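Scroll down for the structure; my scribbles are underneath it.
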Amino acid sequence: MNQIYQFFNHPFFIVVGGLFTLAAVGVLLVTFIFWLLGITPLLWRLGLGRWTRKIAIAASDDVYNSLNSDLVDSGIFRAGNIQPISKEHLSKIKEHSLVLVHYQSFNEQQIRQMLNDKKSASGMIFYFPEFNPAGGNKIPDQMIQAIGEKENTAVVNFRGRLLNDLITTLITTSYEKR
């Protein structure tokens, strides 16, 4: 047993073991730094989006109240950060960086106006809950194409998916380009 101990106690094994230990610690440290640099910007953007960004809801009054309640009740969004946009004030879309639009509350001309007023760095989510292509209740293909041609837009038909898309849009549009 003493011979095995003496064999591995040779200076060569001590140096090689020390170098491999240093390499392993270095790789672990670099991996942690890369992980930290990768996750920190996302958490920062989500935090900024959650606490400072205003979310505009363009909808009729009864739908606005329902959507506002859903967003606040989720615990993700603060009531003070949610603002209504009525049919009479559609030009206010230019002032907001995230807009939730209830599709059925507006006609095609008003929706096209909203799309034209949207800034390219802003997010716009269209909520269309009564989607039923078999029953003929769907967004016309030319409107889907117009919505799809704009940056940072989405069409959603489920409330759970709506929250997911709002959070994703907050993260992806929560920074100023340098």
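Observations on the model:
- The criterion of being at pLDDT 85 or above, in a helix (DSSP H, G or I) and among the aliphatic types (A, V, I, L, M) does not hold for residue 124.
- Some residue of the range 24-31 being within 19 Å of residue 169 (Cβ to Cβ) and of a type in the set (A, V, I, L, M): no
Per-residue answers, yes or no, for (1) buried (at least 21 other Cβ atoms within 10 Å of the Cβ); (2) β-branched (Val, Ile, Thr); (3) more than 19 Å from the chain's Cα centre (by Cα):
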{"site": "76", "(1), (2), (3)": "no, yes, no"}
{"site": "86", "(1), (2), (3)": "no, no, yes"}
{"site": "94", "(1), (2), (3)": "no, no, yes"}
{"site": "100", "(1), (2), (3)": "yes, no, no"}
{"site": "113", "(1), (2), (3)": "no, no, yes"}
{"site": "117", "(1), (2), (3)": "no, no, yes"}
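- Hits in the range 148-170 - residues which are in a helix (DSSP H, G or I) and of a type in the set (Ser, Thr, Tyr): 168, 169
- Some residue of the range 60-70 being aromatic (Phe, Trp, Tyr) and in contact (Cβ under 8 Å) with a residue 40 or more places away in the chain: no
- A search for C-beta distances below 7 Å between a residue of the range 77-95 that is within 22 Å of residue 168 (Cβ to Cβ) and any residue that is assigned to a strand (DSSP E or B) and β-branched (Val, Ile, Thr), counting only pairs 6+ apart in sequence or on different chains, returns 77/55; 81/55; 82/55; 82/57; 85/57; 93/85; 93/99.
- Among the residues here, residue 159 does not qualify as of a type in the set (D, E, K, R) and free of Cβ contacts under 8 Å to residues at least 40 places away in the same chain.
- Identification of helices (runs of 4 or more DSSP H) wholly contained in the range 1-113 with 3 or more residues that are more than 24 Å from residue 163 (Cα to Cα) yields 2-8, 11-52.
- Applying the criterion of being assigned to a loop (DSSP other than H, G, I, E, B) and either over 26 Å from the mean Cα position of the chain (by Cα) or loosely packed, with under 10 Cβ neighbours inside 10 Å (or both) to the residues of the range 129-145, the residue that is modelled with the highest pLDDT is 140.
The values are calculated or read from the model by the stated rules, or taken from the named source; none is laboratory data. Predicted model only: the values in this text are computed from it and were never measured. Ideal geometry is used to build each Cβ from the backbone, glycine not excepted, and the neighbour counts take in all protein chains shown.
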